[in-house]
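For reference, the structure discussed in these notes is given below.
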Amino acid sequence: DLFDAMLDFGLNRFRVEFNLADINASGYVTPPTNLAIQPSAAAAGQIHYDRVRRTMDDVIVPYRALMAAQGESVWITLCLVDFRNTGYFAEDTASEIAFAFKAYLLDFFSRYGFLPNALEVLEPDNSGGNQNWSAAKLANAIVATQAAIEADGVLGPAGASSIVWIAPTSTSMANVTTWIADMKTAQPSIADYIQEYSYHLYSGTDTDLANIKALADADGKTT
């Protein structure tokens, strides 16, 4: 079956997505079509966790158990998707992105008893989606989120200190070095949070790839 094939391939890394549009007054839909509302102003029941729970319950949790039986583990990245040009622009206010991440982390932890390994914002440079992100906003969001999830110890003894960040997860390899530089300008401490410099292969050159490697090597990061 599918899980057997996954085990045969040795798949051990997964991205579990939640969508900012899942914070709305109407309910969970896929693909998301509702207008996002301000996370911190959401009433009870307006933050919808179905997307994460379905992925975890149907795929990750049972597969994680199979991997554990073989003495292996899986890496889980909790990833915010924000491809909207409508609704509330939470990325303009770092504390709102932090609120959203923390809400989903709290639900994740209370439901499964463990935390994801990493956090990520998907394709903030996606010109076909929400063009409202910037490197500075991403850096500010990461720093604010880390502060929020470390604040009160509700995520267990290890808590947020066990979670790393992956960024910038750009659509183009050519954008990585520029985004990282601009993120460092906005938040000089940002390198303390990011473990992995990430990108998608929709576009870019071998030179871009070499530049990413050089930057990662210089900063002590993986890619």
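Quick notes
- Members of region 67-87 found to be surrounded by 15 or more Cβ atoms within 10 Å (Cβ to Cβ) and on the phi < 0 side of the Ramachandran plot, listed by number: M67, V74, I76, T77, L78, C79, L80, V81, D82, F83, R84
- If you go through region 101-140 and keep only what is touching a helix residue (DSSP H, G or I) at 6+ places or on another chain (Cβ under 7 Å) and closer than 18 Å to N85 by Cα, you end up with V121, P124, D125, N132, W133, A135, K137, L138.
- Screening L201 on (1) at pLDDT 95 or above; (2) open to solvent by 40 Å² or more (accessible area, probe 1.4 Å); (3) aliphatic (A, V, I, L, M) shows it passes everything except condition (1).
- Some residue of region 144-166 being among the polar types (S, T, N, Q), at pLDDT 95 or above, out of contact with any helix residue (DSSP H, G or I) (no Cβ under 8 Å at 6 or more places or on another chain) and assigned to a helix (DSSP H, G or I): no
- If you check K221, K213 for being closer than 23 Å to S161 by Cβ and at pLDDT 95 or above, only one passes: K221.
- If the condition is being under 19 Å from P124 (Cα atoms) and in contact with a Leu (Cβ under 9 Å, 6 or more places away or on another chain), then region 1-39 contributes R15, V16, E17, F18, N19, L20, A21, P32, A36, P39.
- Among all positions in region 142-150, there is no residue which is open to solvent by 20 Å² or more (accessible area, probe 1.4 Å) and more than 23 Å from L105 (Cβ to Cβ).
- The residue that is farthest from E91 (Cα to Cα), counting only those in region 23-48 that are touching a Phe, Trp or Tyr at 6+ places or on another chain (Cβ under 7 Å) and not small (G, A, S), is H48.
- Given (1) surrounded by fewer than 19 Cβ atoms within 10 Å (Cβ to Cβ); (2) small (G, A, S); (3) within 29 Å of T223 (Cβ to Cβ); (4) under 16 Å from the mean Cα position of the chain (by Cα), index of the condition G10 fails: (4)
- When the residues of region 153-194 are filtered to those that are under 14 Å from V121 (Cα atoms) and of a type outside the set (A, V, I, L, M), the one that is most open to solvent (accessible area, probe 1.4 Å) is Y193.
- Candidate set: region 13-24, residues that are in contact (Cβ under 8 Å) with a residue 40 or more places away in the chain and touching a helix residue (DSSP H, G or I) at 6+ places or on another chain (Cβ under 8 Å); chosen: the one surrounded by the fewest Cβ atoms within 10 Å (Cβ to Cβ): E17
- Counted residues, region 52-99 - those being in a helix (DSSP H, G or I), under 16 Å from the mean Cα position of the chain (by Cα), modelled with pLDDT of 95 or more and not aliphatic (A, V, I, L, M): 5
- Only residues that are open to solvent by less than 70 Å² (accessible area, probe 1.4 Å) and small (G, A, S) were counted in region 25-40, giving 3.
- From the options F108, F114, residue that is surrounded by fewer than 22 Cβ atoms within 10 Å (Cβ to Cβ) and farther than 20 Å from T222 by Cβ: F114
The values are calculated or read from the model by the stated rules, or taken from the named source; none is laboratory data. Quantities reported herein were computed from a predicted structural model and do not represent experimental measurements. Note that we place each Cβ from the backbone using ideal geometry, even for glycine, and neighbour counts take in every protein chain shown. Surface areas here come from the heavy atoms of the whole protein model, side chains and all, with no ligands, DNA or RNA. Shrake-Rupley method; radii C 1.70, N 1.55, O 1.52, S 1.80 Å.
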